[in-house]
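Enquirer: First the structure, then my questions, so here it is.
The values are calculated or read from the model by the stated rules, or taken from the named source; none is laboratory data. Computed from a prediction, not measured in an experiment: that's the story for all the values here. Because the Cβ atoms are built from the backbone with ideal geometry, glycine has one as well, and the counts that use them run over all protein chains shown. Areas reflect the complete protein model, heavy atoms only, side chains present, ligands, DNA and RNA absent. Shrake-Rupley method; radii C 1.70, N 1.55, O 1.52, S 1.80 Å.
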Amino acid sequence: MLAMRCPGLRGGPRLMPGEQMARGAVALWLVPRAGAHRDPRAEAAELSPAARERINALRTPDARDGQLLSRAWLARMLRAYFGPASAGWTIGVDCKGCAVLRDAPPEIAIAFAHGRDRIAIAIGHDCGPGLGIDLEDRLDRDDPLLAPVILAPAELERYHRLATGKRRRQYLLVRWVAKEAYVKARRVGLAMPFDTIEVIEAAPGVYGVGHPAGLDGQHWQVRLLEPSDDLAIAVAWAPTRDTPLALTVHSVDELPFERDAFTLIRLR
């Protein structure tokens, strides 16, 4: 199982498939791209013929595998949490590149992100006006040319004050994933330049968001997870006073399977 550095999450409740998902709950699952849990034929069987056709039309094997993995495991998780009703829901991607769940109750939200070695899946129940997630594991060095594109002026000034190397790379990586998750949650895509967004650390692993165009009256927040030095995962949401949000983090190693049929057991 992947060891997590998740500030603010230690000792929290563990929401597992089959347990009723309370209002304000977000379950984050990390699914490796390789391992005993993979069965591409069984994963393809989770998808509709139209979805399989769209995936097969993608240009690269990596893109096809990532989409198959994320959509199949989202379908499995939704079925495990919400039962047979989820069979009528459709997982898709809108024109901004954000995950959507069609024909489902409006209070259920999904998000996913693809990395080099794993994907991240988030399922939320009544978690505010938007849910976004990003995972980055490809920034293995400091990139001075990328920094002015990603960082707001105040962030760029702080970046240049840091010593070169690991500290700069980590500073840039954190803000990259946080802003990706934020624009996905707001469903604006790349129409919102990253250098106009400022990510402000409020507590270890918890960031607020500042943007000159305003935040639609919502208090947007980003939670940062760092499983390793070269991997960062961010989850963005807008908690309300009435619904405080709780994030739990899981690995597929925790799941019980019927290995022969490779079916996720619905816990009672």
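Enquirer: Considering every residue within the stretch 43-55, establish whether at least one is of a type in the set (D, E, K, R), out of contact with any Asp or Glu (no Cβ under 7 Å at 6 or more places or on another chain) and modelled with pLDDT under 90.
Expert: First, pick out the residues of the stretch 43-55 that are of a type in the set (D, E, K, R): 43, 46, 52-54.
Next cut, out of contact with any Asp or Glu (no Cβ under 7 Å at 6 or more places or on another chain) only: 43, 46, 52-54.
Those left that are additionally modelled with pLDDT under 90: none.
Looking through the stretch 43-55, none of the residues is of a type in the set (D, E, K, R), out of contact with any Asp or Glu (no Cβ under 7 Å at 6 or more places or on another chain) and modelled with pLDDT under 90.
Enquirer: Does the stretch 92-126 hold any residues that are among the basic types (Lys, Arg) and part of a strand (DSSP E or B), and which are they?
Expert: First, the residues of the stretch 92-126 that are among the basic types (Lys, Arg): 96, 102, 116, 118.
The answer is Arg102, Arg118.
For every residue, the table says whether it meets (1) charged (D, E, K, R); (2) at pLDDT below 85; (3) open to solvent by less than 40 Å² (accessible area, probe 1.4 Å); (4) assigned to a loop (DSSP other than H, G, I, E, B).
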position: Leu139; (1), (2), (3), (4): no, yes, yes, yes
position: Glu157; (1), (2), (3), (4): yes, no, no, no
position: Lys179; (1), (2), (3), (4): yes, no, yes, no
position: Val199; (1), (2), (3), (4): no, no, yes, no
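Enquirer: Next question, about the same structure. Just give me the residues in the stretch 35-53 being touching a residue at least 40 places away in the same chain (Cβ under 8 Å) and either open to solvent by 30 Å² or more (accessible area, probe 1.4 Å) or in contact with a strand residue (DSSP E or B) (Cβ under 7 Å, 6 or more places away or on another chain) (or both), in sequence order. Give the steps one after another, and end with the answer.
Expert: To start, the set of residues in the stretch 35-53 that are touching a residue at least 40 places away in the same chain (Cβ under 8 Å) comprises 35, 37, 39, 42, 48, 51.
Answer for the stretch 35-53, where residues must be touching a residue at least 40 places away in the same chain (Cβ under 8 Å) and either open to solvent by 30 Å² or more (accessible area, probe 1.4 Å) or in contact with a strand residue (DSSP E or B) (Cβ under 7 Å, 6 or more places away or on another chain) (or both): Gly35, Asp39, Ser48.
Enquirer: Under the condition of being out of contact with any Phe, Trp or Tyr (no Cβ under 9 Å at 6 or more places or on another chain) and part of a loop (DSSP other than H, G, I, E, B), which residue from the stretch 159-177 is least open to solvent (accessible area, probe 1.4 Å)?
Expert: Here is the first cut: in the stretch 159-177, the residues out of contact with any Phe, Trp or Tyr (no Cβ under 9 Å at 6 or more places or on another chain) are 160-161, 163-167, 169-170, 173, 177.
Next, only the ones that are part of a loop (DSSP other than H, G, I, E, B) stay: 163-165.
Values: Ala163: 58, Thr164: 104, Gly165: 31 Å².
The residue in question is Gly165.
Enquirer: How many of the residues in the stretch 54-107 are open to solvent by 80 Å² or more (accessible area, probe 1.4 Å), under 22 Å from Gly130 (Cα atoms), among the charged types (D, E, K, R) and out of contact with any Leu (no Cβ under 9 Å at 6 or more places or on another chain)?
Expert: 2
Enquirer: What number of residues in the stretch 43-91 are more than 19 Å from the chain's Cα centre (by Cα), farther than 22 Å from Pro32 by Cβ and hydroxyl-bearing (Ser, Thr, Tyr)?
Expert: Adding up the residues that qualify gives 2.
Enquirer: What residue, of Arg71, Arg54, Arg102, Arg76, is over 16 Å from Glu43 (Cα atoms) and not hydrophobic (A, V, I, L, M, F, W, C)? Break it down stepwise before answering.
Expert: Values: Arg71 fails: over 16 Å from Glu43 (Cα atoms); Arg54 fails: over 16 Å from Glu43 (Cα atoms); Arg76 fails: over 16 Å from Glu43 (Cα atoms).
Among Arg71, Arg54, Arg102, Arg76, only Arg102 is over 16 Å from Glu43 (Cα atoms) and not hydrophobic (A, V, I, L, M, F, W, C).
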